[in-house]
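Right, one structure below, let's go through it.
Any read-out appearing in this document is the output of simple, stated calculations on the displayed coordinates, not a laboratory observation. Since the structure is predicted, the reported quantities are computational estimates derived from the model, not experimental observations. With ideal geometry, Cβ positions are generated from the backbone for all residues, glycine too; neighbour counts draw on all protein chains shown.
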Amino acid sequence: MAKHWILIGIAILNMTFRLTFSNTLGYHRDELLYFSLGNHPAAGYATTPPLIGILAWMIQHTLGYSIFAAKLLPSLLSAVMVFIIAAIVKEMGGRSGAQVIAAIGFTSAMVFLRAFYLFQPVCFDIFFWTIMFLLFLRYINKPTDRLLILIGIVFGLAMLNKYLIFLLLICLLLILPFTGYRDLFRKRAFYFSLIISLLIFLPNLIWQISNRLPVLDHMSKLIETQLVHVNRIQFIIDQFLIPFPAIIIVIPGLLYLLLSKEMINYRLLGYSIVMTVIILFVLRGKSYYTAGIFPVFIAAGAIYWERKIKSMFILYSLAGLMLILLIPMLPFGIPIYRAKGMVTYFENLERKYGLKFGRNFEDGTIHSLPQDYADMLGWDEIAKNVHKAWEISDKEHCIIYASNYGQAGAISIIGKKYGLPEPVSFHDAYYYWAPKKFDKEIMELIYVRERPSDDIKTLFADIREIGGIENKDAREFGTKVYLCRSPGRSFNEFWKEVIQRFYDTR
């Protein structure tokens, strides 16, 4: 009974800790995009499957558009993860001590601190991977058709969140023929499970096909702009850094799962995970793409230490050690200080210890803050300045244009408290919602960009700067809001040309 209360306490700690610091910096750029999808629920989007948009829609219609509302579900999910990992430990033969150690391992792992702090598909992806592992373990321990059906349902839902989990399924299916579970392919329930997965995923598949498979274009751009900068050696190093301080149980868990006779029944999961990591390594996947594998290693490592350490005092001291190691590193996982405090923290790390770890942007450059934190700054300024421009504009004949989805999301989400209308943008999913034409002649344009483009400077005679982001630590530093007036020719005719050019280049 004491164990249950400890797990409940750890779960509450996970949720409340994240919510306590939910607004130290602000919305993340991607959170603004994903939360904006709730304004346009659909079967798919430019860069993500539909589940995140459906969840955003549900949150907005129950809790509203506040940053607390956006952070609540990931934080709540972190509490749920404590019990799922404890259940994995139990399925693998661990007792109460191992369940507590694994729960602390999850709590202290850096990758999970960040993942379950942000409203992004990543936290839901980790959740689905962990549920899949739990169901596979239960099937190994007690094969039933019901479990196969549940696996099919979970996999179908997971595919509506992030396609990455398809890699896990492929690796499992490739490993299964070389194990004692190859008879799975002869079971009718196995194929019924696959059909259920397909039916759940079908709306998004149809959407992808009907929209000319935008996922392929997204992957191509991702490879060209981000994955090309992934260093494979750094990818391997990161696999030891991102679960820290839980690495104390992750490494023993990996070896225990792959080498110990006590884990022989579950070894196929270990082989599948290793194959997944190798494929991601070869394809230059981002380091955090492996996040979903760590709950299994944490569980196996907790069981290893429980069986090796007979003293409960020493065993729980191991949990305490992970938490002690976590405390000075908390700012790497969650922004526990305001912007200036976070900058000072990373400056001190470099000045005292020569450490620049974590401040690399996706293009390989190093900045004052990690990219995730730099992406949480400046959005309020954009919304406020757009509101200033909107208040002095001719609202009946004015539109708001944003050059990227972060700016557009700031106007869509933060702008709700100012009564701002939906902005127009061609970035990411916003191009699906961009109007082909306007019913009324547009005479004024609120323009959000670092500087006006040449065609805007040619079109409008009066371009007035309203304000911009002045925080040099923000990734959007230099972005400004302009109010453009006195068009030299019909804006509506100009817009037709813009739309034509956009679709001609797609």
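Things worth noting here:
- Peptide ranges 472-479, 43-50 listed from the most packed, as the mean C-beta count within 10 angstrom indicates: 43-50, 472-479
- The residue among Leu25, Leu77, Val481 whose Cα reaches farthest toward the positive pole of the charge dipole of the chain, with charges on the beta-carbon of Lys, Arg, Asp and Glu, is Leu77.
- Cut-off under 5 Å, modelled amide H: who pairs with Val424 long-range: Ile400, Tyr401, Ala402
- Each residue of the range 387-395 was assigned a 3J(HN,Hα) from its phi angle through the Karplus expression (A = 6.51, B = -1.76, C = 1.60, θ = phi - 60°), giving 4, 4, 5, 5, 5, 9, 8, 8, 4 Hz with x at Gly and Pro.
- Listed residue (Thr144, Leu174, Ile59) projecting farthest to the positive dipole end of the range 49-190, Cβ model: Thr144
- Listed residue (Ala434, Ala302, Ile237) projecting farthest to the positive dipole end of the chain, Cβ model: Ala302
- The range 64-81 - phi-based ³J(HN,Hα) in whole Hz, Karplus 6.51/-1.76/1.60, Gly and Pro as x: x, 10, 5, 5, 4, 4, 5, 7, 4, 5, x, 5, 4, 5, 5, 5, 5, 4
- For Ser22, no residue has an amide H sitting under 5 Å from its own, ignoring neighbours fewer than 5 places away on the same chain, with H placed 1.01 Å from N.
- The chain, helix-only ellipticity at 222 nm - DSSP H runs n ≥ 4, -39,500 (n - 2.57), divided by all residues, nearest 500: -18500 deg cm²/dmol
- The range 93-159 shape via C-alpha gyration tensor axes, a/c threshold 1.5: oblate
- Taken along the Cα-to-beta-carbon direction at a fixed 7 Å, the label points for Lys440 and Ile324 span 6.7 nm.
- Taking a ≥ b ≥ c as the square roots of the eigenvalues of the Cα gyration tensor, the range 100-243 is oblate, since a/c reaches 1.5 or more and a/b is not larger than b/c.
- Sorting 128-140, 286-298 by average packing, meaning the other beta carbons within 10 Å per residue, from highest down gives 286-298, 128-140.
- Amide H contacts of Ile466 (H built 1.01 Å from N, under 5 Å, at least 5 apart or other chain): Val481, Tyr482, Leu483
- Contact order relative to length of the chain, as percent, for alpha carbon pairs under 8 angstrom and 6 or more apart: 17
- Ignoring lysines fewer than eight residues from Lys440 along the same chain, the ones with Cα atoms less than 27 angstrom from its Cα are Lys384, Lys388, Lys395, Lys416, Lys417, Lys457, Lys480, Lys496.
- The range 300-340: trypsin sites (Lys or Arg not before Pro) in DSSP coil with no more than 12 other Cβ atoms inside 10 Å: Lys310, Arg338
- Charge context of Ala86, other residues only, Cβ under 13 angstrom, K/R +1, D/E -1: +1
- In straight-distance terms, cross-link reach from Lys3 covers every one of the lysines whose alpha-carbon lies under 30 Å from its own, apart from those fewer than eight places away in the same chain; here that gives Lys71, Lys90, Lys142, Lys261, Lys308, Lys310.
- The charge dipole of the chain, taken about its Cα centre with unit charges on the Cβ of Lys, Arg, Asp and Glu (plus for the first two, minus for the last two), comes to roughly 1660 debye.
- Remark: the Ile314-Asp504 segment gains 61.7 nm on full extension, using 0.36 nm per residue and subtracting the alpha carbon distance.
- The alpha-carbon of Lys356 sits under 23 angstrom from the alpha-carbons of these lysines, leaving out residues fewer than 8 places away in its chain: Lys286, Lys340, Lys472.
- When both bridge partners sit in the chain, DSSP labels roughly 70% of those beta bridges antiparallel.
- Seen from a random direction on average, the alpha-carbon convex hull of the range 394-491 projects onto 6.6 square nanometres.
- Whole-Hz Karplus values for the range 36-47 come out as 5, 4, x, 6, 9, x, 8, 7, x, 9, 4, 10 Hz, taken residue by residue from phi with 6.51 cos²θ - 1.76 cosθ + 1.60 and θ = phi - 60°; glycine and proline positions read x.
- Among 223-231, 72-80, the peptide with the highest mean count of other Cβ atoms within 10 Å heads the list, and the full ranking is 72-80, 223-231.
- The chain: radius of gyration and largest Cα-Cα distance (Dmax), Å: 24.7, 82
- Stretchable slack from Lys352 to Lys286, in nm (0.36 nm times residue separation minus alpha-carbon distance): 20.9 nm
- Estimated FRET transfer efficiency when R0 is 41 angstrom, pair Met219-Thr20 (beta carbons, to 0.05): 0.65
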